[in-house]
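The values are calculated or read from the model by the stated rules, or taken from the named source; none is laboratory data. For clarity, every value in this text was computed on a predicted model and none was experimentally measured. Ideal geometry is used to build each Cβ from the backbone, glycine not excepted, and the neighbour counts take in all protein chains shown. Please note that ligands, DNA and RNA were not included when accessible areas were found on the heavy atoms of the full protein model with its side chains. Shrake-Rupley method; radii C 1.70, N 1.55, O 1.52, S 1.80 Å.
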Amino acid sequence: MVRSAVATTFVNNAVLGFSNGPGITLLGQADEPQTVINNLVEYVGIGIDASTAGDALVRNNAIVDTSVGVVMHPSTEADHNLVAAPVEFVGGTPGAGNIIDLPPFFDPFAAGSPGIDRGSPDGAPSVDFQGAPRPLDGDDDGVAVVDMGPLESPPLGGFHAVQPFRLFDSREGKVPRLGPSSAFFAAQQQARVRFRRRGCEPSC
């Protein structure tokens, strides 16, 4: 889980957990703006908790299989997020462009995901989690638009080149180690299988 009490920007991260608590918690004050943009949060009780953040921007995130999507402060700006949760937004009024839908196979990066080419370009990173450029035309409609989440879907039939990235494993004392970008998908799928085998909901 990730917590921050200072001015911080979270970009292109994947938070996968098995907890009742939030995946990302913002604890900043009004003069400490925090930005959470183009991240994935799965298998936690609350996707993003910004209830005590004085000034927070939550944009272009994929929040899937959580009990609550985003807990907002009244001043939180939350727009262009893909949220698949029983309760999507609490404590504030979400902005434009949010999608309340379940992606295919609970996978926000699967072909046909409602978050592909539906994000906002405002503040979006120029590359994705793997270093691929943003935006790409992931739905092949002739217009390249930023995706929601940390991965930018290539045009249909395309693929990303494998790039190295750092994996953090709590069983190894959170020591970073290098792995191929394809490990991102493998880790996500393994977590999904373990989660389903437990036969429990995200809040358990």
When the range 61-143 is reduced to its Cα atoms, the Kirkwood hydrodynamic radius in Å: 13.7
Spin-label pair ALA110/VAL127, simplified geometry with 7 Å Cα→Cβ offset, distance in nm: 3.0
Judged on accessible area alone, 1.4 Å probe, highest first, THR35, THR9 line up as THR9, THR35
Which order do the peptides 37-47, 117-127 come out in when sorted by mean C-beta neighbours inside 10 angstrom, highest first? 37-47, 117-127
Show me, for the range 93-103, the HN-Hα J-couplings you get by feeding each phi into the Karplus relation (A = 6.51, B = -1.76, C = 1.60, θ = phi - 60°), rounded to Hz, glycine and proline as x. 10, x, x, 7, x, 6, 10, 9, 6, 9, x
Sorted by average packing, counted as other Cβ atoms within 10 angstrom per residue and highest first, what order do 64-76, 136-148 take? 64-76, 136-148
